[in-house]
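Working notes, beginning with the structure itself.
The values are calculated or read from the model by the stated rules, or taken from the named source; none is laboratory data. This structure is a prediction, so every number in the text was calculated from the model and none was measured. Every residue, glycine among them, receives a Cβ derived from its backbone with ideal geometry; neighbour counts consider all protein chains shown. Surface accessibility is based on the protein's heavy atoms, side chains included, excluding ligands, DNA and RNA. Shrake-Rupley method; radii C 1.70, N 1.55, O 1.52, S 1.80 Å.
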Amino acid sequence: MASTDTTPKTDDLAGLEAGLDALDTVQIRRTPVREVLVKKVFPPVVAVVLVLGVWQLLVSLKVTDEYKLPAPSAVWDSLTTMWLEGTLLDVLWTSVSRALFGFLLALVIGTPLGLIVSRVKFVRAAIGPILAGLQSLPSVAWVAPAVLWLGLNDSMMYAVILLGAVPSIANGLVAGVDQVPPLFLRAGQTLGATGLKGAWHIVMPAALPGYLAGLKQGWAFSWRSLMAAEIIASSPDLGLGLGQLLENGRNNIDMAGIFLAIILILIVGIAIDLLIFSPLERAVLRRRGLLAKG
Amino acid sequence: MATTATLAKAEDRAAVTHAARIEHVSKSFGGPAGGQLVLDDISLDVAPGEFVTLLGASGCGKSTLLNLVAGLDRPSAGSIETPGGRPALMFQEHALFPWLTAGKNIELALRLRGVPKAGRREEAERLLELVRLGGSYGKRVHELSGGMRQRVALARALAQDSDLLLMDEPFAALDAITRDVLHDELTRIWRETKLSVLFVTHNVREAVRLAERVVLLSSRPGRIAHEWTIDIPQPRRIEDSAVAELSLEITEHLRGEIRRHGQH
Ligand SMILES: Nc1ncnc2c1ncn2[C@@H]1O[C@H](COP(=O)(O)OP(=O)(O)O)[C@@H](O)[C@H]1O
Ligand SMILES: [Mg+2]
């Protein structure tokens, strides 16, 4: 029989438990700024400097004609000229505002579409595979029909963006919902989160990482689709965007201008991702302890 | 919670004779004809305030039975009553939602139960206090140790304010020292809250350490093989000689059950 002197006192238990908790708790450490600089900022800077160095070297060695490979300084001159003329920001803004507005439109359409595809079996069987397949269709393909249907105007640009980005966003959400661990659904069910409550409190938050990945890809597709549309469908009515800038460079055989346009397109694509989507994604993953510390 | 509601609830508890009544329940998976029979004619009552452990080898259908009682699945035959409403359920994995803090996990349970917003925070803090995690309201799930996660999961289950708590091997993944401490905690909380508990385990000593009644389930199909009522006073220690003695006896039965399967 258990004797009373072997039973633990409540205080002992609390103390023991506090000790166990202290020993076993994960210590979360924030990375110091210096480490971030050394590990995250330094490597890409080195890479860019290296590329510029190799580029300058090729130009100095005159491996090819100047009109085929302009010097970095010539591209820089094009940039400063545009800046001094005051057209640089206009051109950037024309393309960025189009892409962002198109992306928001894609978000508004792609999200409910993804929800319906993930929740309604018939819809999923009907259009799920098509939606997944559309992701691999280059959006350039849509430019020709869009021009014929809608004419040379902004609607045609938005149509091309939507056709490129909506499938990514919808598919991301579908993947996110599919990957919700069944344990969460069962736990939610026992707590009384069924039907719409379950969708709101359990499925949506659990699917958020997949959804964000879809948004990230959706942005990349928006930007690409817009550039394809701007390059192919140029018209004076359309306002000068980065794509047209590139196309103008080709028409004028201005390689420095072409290089500038390509670099700007690249930088904008990366910058939006780096400034908006990556921080969002990292914040969500960090809060859930899903970000590997390295 | 309002005191009157608590009183009304206590009266309800006195009025009914069982927290769960499982009557002639069978469950098979696969097609209606020729499926695999997992549970065969199980009848079991859990009295209000009683602590019952369901013991059996892996794969004998313990989780299946618990899911049926929880209402996550339907029996193929027979009936299950839980007069106190939807039972609370704790899993082997903590099943806490990683997008919420420890406190918010509990508040979600309160919200889904219909507790108004004003009282939730306070009630969540009280429940965390009950499992001795007073300072952990704002902690993220990944910042907690395994034992702490299961305590938050227990607090969240208690937040449902159900009469019946179902536990599916909730401590199986913990180390021995932590598990031992959680046994003490569970016993304390069970005695404080007067809950009915149906606790599933494959660990004989754990079953004897915790329960007032141990129910042994046979395998393939799962049937109730034997029952023991335990009157060793609580709180017990898993090392107590009385616990060890009874564990030995139950283990012999369990081994006998398992051996039967080797003979065919
Ligand atoms: N959804 C299911 N479909 C088919 N078979 C299942 C399902 N769930 C459980 N089983 C089977 O039922 C048996 C009992 O499973 P389970 O209840 O999980 O056992 P325990 O919890 O006792 O280890 C196992 O043989 C398992 O394969
Ligand atoms: Mg199980």
#### Entry: Heavy-atom accessible area order for B:Tyr137, A:Tyr67, largest first, 1.4 Å probe
A:Tyr67, B:Tyr137
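Just by accessible area at a 1.4 angstrom probe, what is the order of A:Lys62, B:Lys104 from largest to smallest?
Highest to lowest solvent-accessible surface, that is A:Lys62, B:Lys104.
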## Note on the structure
Quick calc of log₁₀ I(q)/I(0), the stretch B:116-179, Debye, one scatterer on every Cα, no solvent, q values 0.18, 0.23 1/Å, result -0.71, -1.07
### Message
Cut-off 19 Å, label point 7 angstrom out along Cα-to-Cβ of A:Val38: give me the residues of the stretch A:253-294 whose amide nitrogen falls inside.
### Response
A:293-294
### Query
For the charge dipole of chain A, defined by +1 on Lys and Arg C-beta atoms and -1 on Asp and Glu C-beta atoms about the Cα centroid, which residue among A:Gly110, A:Met156, A:Pro236 has the Cα displaced farthest towards the positive pole?
A:Gly110
### Query
Can you give the angle from 0 to 90° between the axis of helix B:117-130 and the longest principal axis of chain B, with both taken from C-alpha atoms, to the nearest 10?
60 degrees
### Task
Determine the percent antiparallel among the DSSP beta bridges restricted to chain B, to the nearest 5.
50 percent
### Query
To the nearest 10 Å², what's B:Glu257's accessible area with a 1.4 Å probe?
40 Å²
### Message
Please compute the modelled spin-label separation between A:Leu61 and A:Ser155, points set 7 Å along Cα→Cβ, answer in nm with one decimal.
### Response
5.4 nm
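Pairs of alpha-carbon atoms within less than 8 angstrom and 6+ residues apart define the contacts here; what relative contact order does the stretch A:67-287 have, in percent?
Reported relative contact order: 28 percent.
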#### Entry: Amide H contacts under 5 Å for A:Asn153, placed H, 5+ residues apart
none
#### Entry: Estimated FRET transfer efficiency (B:Ala172, A:Leu275; beta-carbon r; R0 51 Å; 0.05)
0.65
### Query
Counting only DSSP beta bridges with both residues in the protein assembly as shown, what percent are antiparallel, rounded to the nearest 5?
50 percent
### Summary
For the protein assembly as shown, the charge dipole (Cβ of Lys, Arg +1; Cβ of Asp, Glu -1; about the Cα centre) points to a positive end, and the Cα of A:Ser168, B:Ile230, B:Ala19 closest to that extreme belongs to A:Ser168
### Message
If you fit an axis through the alpha-carbon atoms of helix B:3-15 and take the longest principal axis of the Cα set of chain B, what angle between them do you get, 0 to 90°, nearest 10?
### Response
10 degrees
### Alpha-carbon gyration tensor eigenvalues x 5, square-rooted, for the protein assembly as shown, Å
63, 27, 22
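Using only protein heavy atoms and a 1.4 angstrom probe, determine the accessible area buried between A and B, summed over both sides, in Å² to the nearest 100.
Counting protein atoms only, the buried area is about 3600 Å².
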### Query
Dipole size in debye (nearest 20) for the stretch A:108-229 around its Cα centre, Lys and Arg Cβ +1, Asp and Glu Cβ -1?
340 debye
### Task
Summarise the partner chain shielding of B:81-88 as one whole number: the mean count of Cβ atoms from other chains within 10 Å of each residue's Cβ.
1
#### Entry: Förster radius 56 Å - calculated FRET efficiency between B:Ile232 and A:Ile130, Cβ distance, rounded to 0.05
0.30
## Note on the structure
Taking only the Cα positions of chain B, the convex hull volume per residue in Å³ is 136 Å³
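Summing Lys, Arg as +1 and Asp, Glu as -1, what charge do residues with Cβ under 11 Å from the Cβ of A:Gly241 carry, A:Gly241 excluded?
Net charge in that neighbourhood comes out at -3.
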### Query
So how do B:Asp184, A:Asp12 rank on accessible area, 1.4 Å probe, biggest first, that is with the largest at the start?
A:Asp12, B:Asp184
### Query
Hey, got the dipole for chain B? About the Cα centre, +1 on K and R Cβ, -1 on D and E Cβ, debye to the nearest 20?
800 debye
### Message
Can you give me the angle between helix B:146-159 and the longest principal axis of chain B, using Cα atoms only, in degrees from 0 to 90, rounded to the nearest 10?
### Response
80 degrees
### Task
Using +1 at the Cβ of each Lys and Arg and -1 at the Cβ of each Asp and Glu in chain A, identify which of A:Pro209, A:Leu37, A:Gly86 lies farthest towards the dipole's positive end.
A:Pro209
### Query
Got a number for the accessible area of A:Leu274? Probe 1.4 Å, square angstrom, nearest 10.
110 Å²
## Note on the structure
Rounded to a whole %, the carbon-and-sulfur portion of the accessible area of chain A at a 1.4 Å probe is 70 percent
